[in-house]
Amino acid sequence: MTMLAVFRSRAQALDAISRLGGAGVPAQAVSTPKEAGYGCGLSVRYDARFQARVAVLMRQRAYSSFAGYLRSCGASFVRV
């Protein structure tokens, strides 16, 4: 299952991708879907099986532009 970590800052999203890669989490940058309600932000896409590692990293870094998580639900995403 696909998860998204939603950011309002491109720089912080790209930093998160770099740090996730260093922690062994394959991640990539994607446009934030409109369901998130954050305009044209950037999100980090990763597999849900890595959620625990991602959550730890997000707490450690305390990104000021981190807006939350979305989970794929068919052809759209829902907030979790």
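Mean separation of Cα pairs under 8 Å and 6+ residues apart, divided by the residue count of the chain: what relative contact order is that in percent?
42 percent
What part of the accessible area of the chain, given as a whole %, is carbon or sulfur when the probe is 1.4 angstrom?
About 52 percent, which is the carbon plus sulfur part of the accessible surface.
Using 7 Å Cα-to-Cβ label points, what is the Leu14/Arg49 separation (nm, one decimal)?
3.0 nm
Using the heavy atoms of the protein chains and a 1.4 angstrom probe, tell me the accessible area per residue for the chain in square angstrom.
Value returned for the chain: 56 Å² of accessible area per residue.
The values are calculated or read from the model by the stated rules, or taken from the named source; none is laboratory data. The shown structure was predicted, so the numbers you read here are calculated from the model rather than taken from an experiment. Quick reminder, even Gly has a Cβ in these numbers, built from the backbone with ideal geometry, and neighbours come from all protein chains shown. Calculation scope for accessible area: heavy atoms of the full protein, side chains included, ligands and nucleic acids excluded. Shrake-Rupley method; radii C 1.70, N 1.55, O 1.52, S 1.80 Å.
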